[in-house]
Amino acid sequence: MPKILLLCGDFAEDYETMVPFQALSMLGYQVDAVCPEKKAGDTIATAVHDFLGEQTYTELRGHNFALTADFDTVDTKDYAGLYITGGRAPEYIRLYPRVLEIVREFFADGKPVAAICHGPQVLTAAGVLEGYTATAYAAVGPDIDLAGGTYKEVPADQAVVDRNLVTSPAWPGDTACCREFVKLLGAKIEL
């Protein structure tokens with residue numbers, strides 16, 4: 001069974017964590033959800049982001065999400081792809097050197113990587129976006145450009161694919177992001 005590494009942390013966006021975890025699991029992938037400083041069975045707190053009329057999203061407490069693997073034992077050679085969740089988690093998990101090493105290893109091997117919403121903050125910190133076109137939550141767009149990538153604004157329910165990278169701006173893009181990610185993994189979904 002192919003394994004996917006799901007990189008998350010406290011206050012990852014609820015839908016951007018739960019939906020890919022469940023969708024990829026449903027397709028037969030073993031999804032190892034990890035967070036720095038945590039082990040399998042530990043939980044992270046998620047956040048629900050919604051737009052209620054203010055200039056930016058409102059953040060509400062989401063579910064507890066149980067991690068399925070130990071962060072300290074991650075060996076990227078064991079995984080077919082990497083999925084980086086959004087929410088607030090990317091702004092601080094990118095401070096862990098091992099998180100950045102993991103991202104660089106996936107890119108060095110040309111393996112599929114998906115990042116949604118604020119997830120590209122981890123990619124910018126890892127220095128892997130040079131020459132890539134990517135999308136993200138609009139507030140992360142300048143970070144992509146400053147990291148040598150090209151930010152592309154798309155509707156929230158869409159995804160952008162550039163070589164081994166799939167990105168989407170927000171949780172309404174979960175479907176598009178997961179669909180494009182599994183295509184990069186070689187899956188064929190027929191209805």
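The values are calculated or read from the model by the stated rules, or taken from the named source; none is laboratory data. This is a predicted model, so every value here is computed, not measured. Ideal geometry is used to build each Cβ from the backbone, glycine not excepted, and the neighbour counts take in all protein chains shown.
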Residues that are within 14 Å of residue 17 (Cα to Cα), without any contact (Cβ under 8 Å) to a residue 24 or more places away in the chain, out of contact with any Pro (no Cβ under 9 Å at 6 or more places or on another chain) and charged (D, E, K, R): does the range 61-71 have at least one? yes
Residue 66 vs (1) of a type in the set (A, V, I, L, M, F, W, C); (2) exposed (fewer than 13 other Cβ atoms within 10 Å of the Cβ); (3) over 22 Å from residue 178 (Cα atoms): all pass except (3)
Residues being over 17 Å from residue 170 (Cα atoms), out of contact with any Ser or Thr (no Cβ under 9 Å at 6 or more places or on another chain) and assigned to a loop (DSSP other than H, G, I, E, B) - total across the range 55-83: 7
Of those in the range 27-61 that are more than 24 Å from residue 99 (Cα to Cα) and among the charged types (D, E, K, R), the residue modelled with the highest pLDDT is 61
Those residues of the range 162-191 which are closer than 23 Å to residue 104 by Cβ, surrounded by fewer than 21 Cβ atoms within 10 Å (Cβ to Cβ) and hydrophobic (A, V, I, L, M, F, W, C) amount to 184, 185
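Is it the case, given these coordinates, that residue 90 is closer than 21 Å to residue 144 by Cα and touching a residue at least 40 places away in the same chain (Cβ under 8 Å)? Spell out how you get there, then give the answer.
On the way: closer than 21 Å to residue 144 by Cα: yes; touching a residue at least 40 places away in the same chain (Cβ under 8 Å): yes.
Spelling it out, residue 90 is indeed closer than 21 Å to residue 144 by Cα and touching a residue at least 40 places away in the same chain (Cβ under 8 Å).
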